[in-house]
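A quick write-up on the structure given underneath.
The values are calculated or read from the model by the stated rules, or taken from the named source; none is laboratory data. Everything numeric here is computed off the predicted structure, so don't read it as measured data. Neighbour counts run over all protein chains shown; Cβ positions are idealised from the backbone, glycine included.
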Amino acid sequence: MTRLLHISGSPRKDRSRSDMVARAFIEQLGVTNAETLDLEAIALPDFNGAAIEGRYALIEGREVSPEMHEVWAQIDQTIEHFLSFDTYVFSVPMWNFGVPWRLKQYIDVLTQPGLTFTVSAEGVNGSAAGRRAILICSGALDIRPGQPGQELDYQTAFMKAWLGFIGITDVHEVQVRPTYGTPEQVEAAMARAYEEAAALAERLARAARV
């Protein structure tokens, strides 16, 4: 585990419970040079209709404006930066059963044919294969596996599906739920998440030493 990127999908800064658990996990893992990508604080490339049309034009060898070349240079740089890491820790709060819009924008920028995946007669091949991801997923509702309402968790399901699509199948998760309720309920949820994160960090560190 040589390069770790912590991708924070929450705009709540130090009040983010998913970030709290993620930071504790990274510390317990023993990674001292982790990089944090605060999606709320950075300028992501605009992936809009013009960018999509520009992509098709570039693939087909047609002329595009200097501005469009710059947009795609920024997208290429974003993907190159992402792929330069071998381990990812995602802080993912649940928004309306899914992921925050800034995280979704980042994923949309990253998921480009020929750059993070290719398609052949054999199927989809992800360019991020061999890497590891840890999902720290938080939510107001206790919809962990086995709990009533678990079918509403499109947040964890989406992240796992996307990671698998780009080739990352070594995926671990820590659920931080519920983050809304009585102080006792929330404190119990945080204690459980910290405990699970510590146990996961120990397992991964031990595996790396073998």
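Has segment 181-194 got at least one residue that is among the acidic types (Asp, Glu) and closer than 25 Å to ILE107 by Cα? No, segment 181-194 contains no residue that is among the acidic types (Asp, Glu) and closer than 25 Å to ILE107 by Cα.
Would you confirm, using the coordinates I've provided, whether ASP108 is in contact with a Ser or Thr (Cβ under 9 Å, 6 or more places away or on another chain) and either over 30 Å from ALA188 (Cβ atoms) or not acidic (Asp, Glu) (or both)? Spelling it out, it is not the case that ASP108 is in contact with a Ser or Thr (Cβ under 9 Å, 6 or more places away or on another chain) and either over 30 Å from ALA188 (Cβ atoms) or not acidic (Asp, Glu) (or both). If only residues of segment 101-131 that are in contact with a Leu (Cβ under 8 Å, 6 or more places away or on another chain) and not in a helix (DSSP H, G or I) are counted, the one that is surrounded by the fewest Cβ atoms within 10 Å (Cβ to Cβ) is SER127. Remark: pairs (first residue in segment 110-136, aromatic (Phe, Trp, Tyr); second residue part of a strand (DSSP E or B); Cβ separation under 7 Å; 6+ apart in sequence or on different chains) = PHE117/VAL124; PHE117/ASN125; PHE117/GLY126. Inside segment 157-200, residues that are assigned to a helix (DSSP H, G or I), within 12 Å of the chain's Cα centre (by Cα) and in contact (Cβ under 8 Å) with a residue 40 or more places away in the chain make up a count of 3. Out of everything in segment 132-156 that is part of a loop (DSSP other than H, G, I, E, B) and crowded, with 21+ Cβ neighbours inside 10 Å, what residue ends up being modelled with the highest pLDDT? My answer is GLY139. Among all positions in segment 163-182, there is no residue which is of a type in the set (A, V, I, L, M, F, W, C) and loosely packed, with under 14 Cβ neighbours inside 10 Å.
I'd like to check something: does segment 92-103 contain any residue that is in contact (Cβ under 8 Å) with a residue 12 or more places away in the chain and polar (S, T, N, Q)? There is no residue in segment 92-103 that is in contact (Cβ under 8 Å) with a residue 12 or more places away in the chain and polar (S, T, N, Q).
Can you name the residue in segment 184-210 that is at pLDDT 95 or above and of a type in the set (Gly, Ala, Ser) and, of all such residues, is surrounded by the fewest Cβ atoms within 10 Å (Cβ to Cβ)? Applying the filter and picking the extreme gives ALA191. Counting only strands (runs of 3 or more DSSP E) wholly contained in segment 1-99, the ones carrying 2 or more residues that are surrounded by 17 or more Cβ atoms within 10 Å (Cβ to Cβ) and touching a Pro at 6+ places or on another chain (Cβ under 9 Å) occupy 87-93. Go through the residues of segment 108-124 one by one and say whether even a single one is of a type in the set (Gly, Ala, Ser), under 17 Å from the mean Cα position of the chain (by Cα) and at pLDDT 90 or above. Checked segment 108-124: no residue is of a type in the set (Gly, Ala, Ser), under 17 Å from the mean Cα position of the chain (by Cα) and at pLDDT 90 or above.
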